1. Suppose we keep just the DSSP beta bridges with both residues in region 229-375; what percent of those would be antiparallel, to 5?
2. Roughly how many Å² is the accessible area per residue of the chain, as a whole number, for a 1.4 Å probe?
3. How far, in nm, would the chain grow between Glu81 and Glu281 when pulled straight, counting 0.36 nm per residue and subtracting the alpha carbon separation?
4. Using DSSP to call loops (not H, G, I, E or B), can you name the GluC sites (Glu not before Pro) in region 309-381 whose Cβ has at most 14 other Cβ atoms within 10 angstrom?
5. Run the reach check for Lys199 against aspartates and glutamates, Cα to Cα strictly under 14 Å, same-chain hits fewer than 8 apart removed. What comes back?
6. Would you please state which residues of region 209-223 a label at Arg183 would reach in this model, taking the label point 7 Å out along Cα→Cβ and a backbone N cut-off of under 12 Å?
7. Glu406 label point, 7 Å along Cα→Cβ, cut-off 12 Å on backbone N: hits in region 6-35?
8. Going toward the positive end of the dipole of the chain, with +1 on Lys and Arg Cβ and -1 on Asp and Glu Cβ, which of Asn356, Asn140, Ile293 do you reach last?
Amino acid sequence: MKLEKSKLIGDKTIQISGSKSISNRLLILESLFKNIQIGNLSNSQDTQLLKKALAENSETVNIHHAGTAMRFLTSYYSIFEGKTTILTGSGRMKERPIKNLVSALRDLGVEIEYMENEGFPPLKITGRKITENKVDVPANISSQFITSLLLIAGKPENGLKINLVGEITSRSYIEMTLDILTRFGIKNSFEDNTISVEKFDENSKTDTFEVESDWSSASYFYSFSAIGRKTIHLKSFYKASTQGDSASAKIYEKFFGITTTFSEDEHKITLQPDPSFSFPEKIVLNMNDCPDIAQTLCVTAAALRIPFEISGLGTLKVKETDRLQALQNELKKLGTETEITDLTIQSTQFKEAEENISVRTYQDHRMAMSFAPFCLIKELNIEDEDVVEKSYPKFWEDLSKVLNKE
């Protein structure tokens, strides 16, 4: 998709679909316990794939690129006693490690086989009645592995205790899951590094759960506001959000002078640039709790020529692509030289951007959307633009509402 050099139109309002993270958690709980109705469900491809998989009764389930679905369904299918399910996905999905989750489930007595390569999908899962109620899990793995276990933890007779060994990664996502369990009526506690979940009373009343809009999707508009210095309104968001990427509000206020105002009655946020704000000499930030918005922040900083040093990015190498390597490759086209490690990315030099910028997306939705705001600086092409369907199908449509071609 060609994005011509554009100016930002101020005071436009965008309605963003429900959070993919919250929607996917609720779909698993809805399928397990049947006592919930979900409003404002995400329209993302990932959520629709998960919903379809849960509605089917197939022996083989293909979730394509949907990493969240792969992780959540691995635990989900594990607790259906005697049922065998083959869980597979795309070529890239077969390269994404799942060993830590499988090992934890095996420790709980579940039978899981690797059908191709050790430690990777596809999986052959034979459900078992879980009687063990304690398991040790490395704390520095993907929070989705831990969430996957938490979502089924209210089902076993004795509940489940998860001991997180080491330093916790993406704690905010774990806390979001526990908040959803609490609101759902599943009692739990998180003390030191141990999470305890009690068996759920399945006779409890049916409840309605309205999904908050997706803060990851909101982050792209923070980037547009920071670069274009215009006000943007977004719906439907809550001040007391449990989404890790709600950190966008504080991060963009601190480093880019974007103030977030909450309108509780309309569930709307207003992104307002401070005209007197002075940009920092350098951005130094640990994004361990919100790694999914790191790409957006790096592109924002590159557009504004602010040096950056971002750490806490260990999970980015095992996402839809190696996001750190992809970031380094594509930022170079914008004129931003970087150095990367397994955990960090930092700018080293700013040069002139290439004349004909064409951003590769590497089958990664966040690469497409995080680089889009650079069109406020220079015309660019986004390759494979349909990749945004994974999390934000209406992104390009919403983007056209706030851009005016120069």
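The values are calculated or read from the model by the stated rules, or taken from the named source; none is laboratory data. What you see is a predicted model, and the numbers here were worked out from it, not measured in a lab. All Cβ positions, glycine included, derive from the backbone under ideal geometry; neighbour counts span all protein chains shown. Keep in mind that these areas ignore ligands, DNA and RNA; they rest on the heavy atoms of the full protein, side chains included. Shrake-Rupley method; radii C 1.70, N 1.55, O 1.52, S 1.80 Å.
1. Antiparallel bridges make up about 80 percent of those DSSP assigns within region 229-375.
2. 41 Å²
3. That works out to 66.2 nm of additional length.
4. Listed in order of number, the matching sites are Glu352, Glu354, Glu355.
5. The reachable aspartates and glutamates, counting only those whose Cα sits under 14 Å from Lys199, are Glu132, Glu157.
6. Under 12 Å, as judged by backbone N against the label point of Arg183, lie 209-214 of region 209-223.
7. 6-8
8. Asn356
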